Amino acid sequence: MNSLEANNIKLHENVIIADADFIDNVAFNLTVNFERMLGRKIPKADMAQWVINVGLDGGMKPGEQTTEVIFIYNKVKPRLDNFLPADLTTELNNQAFNDNRFGEFIFTAYPTEEIVTKEDFFTDMARTICNHKDVKRVMLIPDTDNADTWDGLRRALKDIDEDKHVTVFAMQPLTGGNFRQEILGYSLTNALGVRGDEFKE
């Protein structure tokens, strides 16, 4: 990954916003279950592969483009336990990589403190980015286990322009909302190196 200028953030057509603590917890639970089911060690999730998978599930097409990946996390936990790269402050924040099929992916990580909750920060950022004129496709991975977060996000996005392609990722279907939905587990399963044919008898 190549270093980017700090705070030099420009909105591009594709944006992924993820609750870092939530995706780390989901990856942990999947790892525990897959190791039990498959009887083998599961490696940590490949971050680059995961964001490409999310982009594809969110409707991204091959081609030269830039996708911004924004992580929101609690300041007290700046490191992911179940992904590589893992450090949100040094290995991911202001870093980027190029994929020969889907272009450049730029990473930014925002810590939150008690003054503004992570849930409120996530909702405000999602609303702002979804309403930005240059953004065409937004992929959101909020903490959908938190009912208040889900309700707040659903209200915040109810009046989004119909031209915007907004996808929310969760581990199970959610009711309501002016956006598409995808199952988060599919993108993470692939990033963890688990193949569908491993489940065949």
| task | Work out how much length Lys61 to Glu162 would gain on full extension: take 0.36 nm times their residue separation and subtract the Cα-Cα distance, in nm to one decimal. | result | 34.4 nm
| message | Taking 0.36 nm per residue of sequence separation and subtracting the Cα-Cα distance, how much length would be gained by fully extending the chain between Glu104 and Glu35, in nm to one decimal? | response | 21.6 nm
| Roughly how many nanometres apart are two label points built 7 Å out from the Cα toward the Cβ at Asp124 and Asp81? | 2.9
| request: Return the long-range amide H neighbours of Asn94 (sequence gap of 5 or more, or a different chain), with a cut-off of under 5 Å between placed amide H atoms. | output: Phe107, Thr108, Ala109
| note | The summed charge of the Tyr110 Cβ neighbourhood (under 14 Å; Lys/Arg +1, Asp/Glu -1) stands at -4
| note | If unit charges are put on Cβ atoms (+1 for Lys and Arg, -1 for Asp and Glu) and the dipole of segment 11-195 is taken about its Cα centre, the option from Asn131, Tyr186, Phe83 lying farthest towards the positive end turns out to be Tyr186
| said: Tell me the mean residue ellipticity at 222 nm calculated for the chain from its helices only (DSSP H runs of n ≥ 4, each -39500 (n - 2.57), averaged over every residue, nearest 500). | reply: -9500 deg cm²/dmol
| remark: Residue-ordered couplings for segment 110-125, obtained by feeding phi - 60° into the Karplus form 6.51 cos²θ - 1.76 cosθ + 1.60 and rounding to whole Hz (Gly and Pro as x), are 10, x, 10, 10, 5, 4, 10, 5, 4, 5, 5, 4, 4, 5, 4, 5
| query | Given H placed 1.01 Å from N in the peptide plane, which residues other than close sequence neighbours of Phe83 have an amide H under 5 Å from its amide H? | reply | Ala45
| remark: Using alpha-carbon positions, the gyration tensor of segment 3-95 gives root eigenvalues a ≥ b ≥ c; with a/c under 1.5 called rounded, otherwise prolate if a/b exceeds b/c, else oblate, the class is oblate
| remark: Between Phe97 and Gln172, the FRET efficiency computed from the C-beta separation at R0 = 35 Å comes out, to the nearest 0.05, as 0.70
| said: Of Pro43, Asn29, His165, which is farthest towards the positive pole of the chain's charge dipole, taken about the Cα centre with +1 and -1 on the beta-carbons of Lys, Arg and Asp, Glu respectively? | reply: Pro43
| request: For Lys61, go through the aspartates and glutamates and keep the ones whose alpha-carbon is under 18 Å away, minus same-chain ones fewer than eight residues off. | output: Glu13, Asp99, Glu104, Asp134, Asp163, Glu182
| said: Quick check: from the Cα gyration tensor, does segment 107-201 come out rounded (a/c under 1.5), prolate or oblate? | reply: prolate
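Laboratory data are not the source of any read-out in this text; all were calculated from the coordinates shown. Quick caveat: nothing in here was measured; it's all calculated off a predicted structure. So basically every Cβ, Gly included, is an ideal-geometry build from the backbone, and we count neighbours across all protein chains shown.
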